[in-house]
Amino acid sequence: MSHEGIRYMTKEEQERASAEDRPLPRIAITPQKVRVLLTEGKGLEIDWVDGHRSAWSFTWLRDACPCATCVEERKNEGRKPGQPRPKSAELLPMYKPPAKPASAQAVGRYALQFNWLDGHSAGVYSWEYLRRNCQCQECTFAASDTEGAPN
């Protein structure tokens, strides 16, 4: 609970927060090869200097947009990056085309920015953000293992 801007956290929450804030080694957040698979409509693939390989679908990337508006929306809805919005309970839901960017461009030497077909383009996906949210089997297993682990 919090009172007047003070937030009380359990020891487990503090440890998890400190692990998330711990800086990654430079070799882990330096891409060796970046592939944006626009024509295939697949997503983003990155080979990192440390030998790790990551891949994200465009749908996951759009649902994980790191812009302030999207982060606030996910926070209010209790969603994690990449987690889609809950389906509406309408009888005849409107067709929603799959997420796909019209283009992608580098932002300096530290990030990518997508111009999505839905008109959104505010998110800047830093290498560190992408590596921390790697969707490979090894990383998702490690993340799920630490989330439920008792201390």
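Of the residues making up the stretch 21-36, those that are surrounded by 15 or more Cβ atoms within 10 Å (Cβ to Cβ) and in a helix (DSSP H, G or I) are 28, 29.
Mind listing just one residue for me: the one in the stretch 37-53 that is crowded, with 18+ Cβ neighbours inside 10 Å and in contact (Cβ under 8 Å) with a residue 24 or more places away in the chain and, of those, farthest from residue 75 (Cα to Cα)? It would help to see each step written out before you state the result.
Taking the stretch 37-53 first, the residues crowded, with 18+ Cβ neighbours inside 10 Å are 43-44, 46, 48.
When the remaining residues are screened for being in contact (Cβ under 8 Å) with a residue 24 or more places away in the chain, the result is 44, 46, 48.
Details: 44: 24, 46: 27, 48: 29 Å.
Across the stretch 37-53, the extreme among qualifying residues is 48.
Against the conditions (1) in a loop (DSSP other than H, G, I, E, B); (2) surrounded by 13 or more Cβ atoms within 10 Å (Cβ to Cβ); (3) touching a residue at least 24 places away in the same chain (Cβ under 8 Å); (4) under 14 Å from the mean Cα position of the chain (by Cα), residue 99 satisfies every one except (4). Is it the case that the stretch 103-114 has a residue that's at pLDDT below 95, of a type outside the set (Phe, Trp, Tyr), out of contact with any Gly (no Cβ under 8 Å at 6 or more places or on another chain) and surrounded by 11 or more Cβ atoms within 10 Å (Cβ to Cβ)? Scanning the stretch 103-114, I find no residue that is at pLDDT below 95, of a type outside the set (Phe, Trp, Tyr), out of contact with any Gly (no Cβ under 8 Å at 6 or more places or on another chain) and surrounded by 11 or more Cβ atoms within 10 Å (Cβ to Cβ), so the answer is no. Tell me, yes or no, whether the stretch 81-94 has at least one residue that is modelled with pLDDT under 95, of a type in the set (Lys, Arg), farther than 30 Å from residue 12 by Cβ and surrounded by 15 or more Cβ atoms within 10 Å (Cβ to Cβ). The answer is no, given that none of the residues of the stretch 81-94 is modelled with pLDDT under 95, of a type in the set (Lys, Arg), farther than 30 Å from residue 12 by Cβ and surrounded by 15 or more Cβ atoms within 10 Å (Cβ to Cβ).
Go through the stretch 122-151 and count every residue that is farther than 18 Å from residue 23 by Cα, modelled with pLDDT of 95 or more and surrounded by fewer than 17 Cβ atoms within 10 Å (Cβ to Cβ). Quick ask: steps written out before the conclusion?
Quick first cut of the stretch 122-151, residues farther than 18 Å from residue 23 by Cα only: 122-124, 135-138, 140-141, 144-145, 147-151.
Within this subset, residues satisfying the condition of being modelled with pLDDT of 95 or more are 122-124.
So of that shortlist, the ones also surrounded by fewer than 17 Cβ atoms within 10 Å (Cβ to Cβ) come out as 122, 124.
Residues flagged as farther than 18 Å from residue 23 by Cα, modelled with pLDDT of 95 or more and surrounded by fewer than 17 Cβ atoms within 10 Å (Cβ to Cβ) within the stretch 122-151 amount to 2.
Among residues of the stretch 67-95 that are without any contact (Cβ under 8 Å) to a residue 24 or more places away in the chain, those with a Cβ under 9 angstrom from a residue that is in a loop (DSSP other than H, G, I, E, B) and hydroxyl-bearing (Ser, Thr, Tyr), sequence gap 6+ or separate chain, pair up as 94/88. For the stretch 76-122, a residue qualifies if it is among the aromatic types (Phe, Trp, Tyr) and out of contact with any Asp or Glu (no Cβ under 9 Å at 6 or more places or on another chain), and the qualifying residues are 95, 114, 116. Selection of the stretch 44-75 for residues being in a helix (DSSP H, G or I) and either touching a Gly at 6+ places or on another chain (Cβ under 7 Å) or among the small types (Gly, Ala, Ser) (or both) yields 58, 60, 61, 63, 68, 70. Scanning the stretch 107-123 for residues that are within 14 Å of residue 44 (Cβ to Cβ) and touching a residue at least 40 places away in the same chain (Cβ under 8 Å) yields a count of 4.
Residues in the stretch 6-28 that are at pLDDT 65 or above and of a type in the set (Gly, Ala, Ser): 28 only.
The values are calculated or read from the model by the stated rules, or taken from the named source; none is laboratory data. Keep in mind the model is a prediction, meaning the values are calculated, not measured. Quick reminder, even Gly has a Cβ in these numbers, built from the backbone with ideal geometry, and neighbours come from all protein chains shown.
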